[in-house]
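Only one structure is covered here, and it is reproduced in the block below.
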Amino acid sequence: MASKMLWASRAASHLRISVFQRGFSTVLKDLKYFDSHEWVKVDGNSATIGITDHAQDHLGDVVYVELPEVGKEVTQGNSFGAVESVKATSDVNAPVSGKVLEVNEELSNSPGLVNSSPYENGWIIKVELSDSGELNKLMDSDKYSKFCEEEDSKH
């Protein structure tokens with residue numbers, strides 16, 4: 001009996017490790033995703049932008065977020081700021097074009113919100129959309145999940 005218990009706990013610990021290494025990230029259904037791991041939540045003519053759970057997981061602990069000025073124009077595919085983590089500094093790209101309406105000031109004091117709450121409290125900017133057609137170039141949650149899996153399998 002004891003050896004069966006030991007085998008079961010070994011199997012459980014092995015499973016836990018392999019699941020951890022795969023690192024299934026949370027991908028929310030109602031968002032659109034850009035191939036540099038930013039998400040967009042559209043509400044009328046306004047879009048909230050942040051980095052995905054997958055991105056924050058790869059970056060590690062975020063220590064600083066560089067925010068753009070309110071009123072700045074951002075262009076789809078171009079960098080508008082940066083996220084600095086203990087491992088690296090990474091540009092944050094605009095998944096859509098528009099004018100910055102609001103920046104998340106909370107991130108100045110609590111950059112770790114990007115890690116702990118990438119889709120809620122860790123949002124980075126809100127923009128006024130200048131071309132809603134650009135949304136068609138973004139991935140939905142299923143495509144983005146597949147994209148992440150393929151990207152991870154190459155590393």
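Mind checking whether some residue in segment 57-68 is closer than 18 Å to Leu138 by Cβ and of a type outside the set (A, V, I, L, M, F, W, C)?
Initially, segment 57-68 is screened for residues closer than 18 Å to Leu138 by Cβ, giving none.
No, there is no match, as no residue in segment 57-68 is closer than 18 Å to Leu138 by Cβ and of a type outside the set (A, V, I, L, M, F, W, C).
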**OP:** Filter segment 72-102 for residues that are in a strand (DSSP E or B), out of contact with any Phe, Trp or Tyr (no Cβ under 7 Å at 6 or more places or on another chain) and over 14 Å from Ile51 (Cα atoms) and give the result.
**Re:** Glu73, Gln76, Gly98, Lys99, Val100, Leu101, Glu102
Subject >> The lone exception for Val86 - which of (1) among the β-branched types (Val, Ile, Thr); (2) surrounded by fewer than 21 Cβ atoms within 10 Å (Cβ to Cβ); (3) at pLDDT 95 or above it fails >> reply: (3)
**OP:** Filter segment 24-60 down to the residues that are in a loop (DSSP other than H, G, I, E, B) and touching a helix residue (DSSP H, G or I) at 6+ places or on another chain (Cβ under 6 Å), then identify the one that is modelled with the lowest pLDDT.
**Re:** Ser25
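For segment 132-155, how many residues meet the condition of being part of a loop (DSSP other than H, G, I, E, B) and either at pLDDT 95 or above or surrounded by 13 or more Cβ atoms within 10 Å (Cβ to Cβ) (or both)? Give the steps one after another, and end with the answer.
Start the filter on segment 132-155 by keeping residues that are part of a loop (DSSP other than H, G, I, E, B), which leaves 138, 140, 155.
In the following step, the residues that additionally are either at pLDDT 95 or above or surrounded by 13 or more Cβ atoms within 10 Å (Cβ to Cβ) (or both) were identified as 138, 140.
So the answer is 2.
The values are calculated or read from the model by the stated rules, or taken from the named source; none is laboratory data. From a predicted model like this one, the values you see are computed outputs, not experimental measurements. Virtual Cβ from ideal backbone geometry, glycine too; neighbours counted across all protein chains shown.
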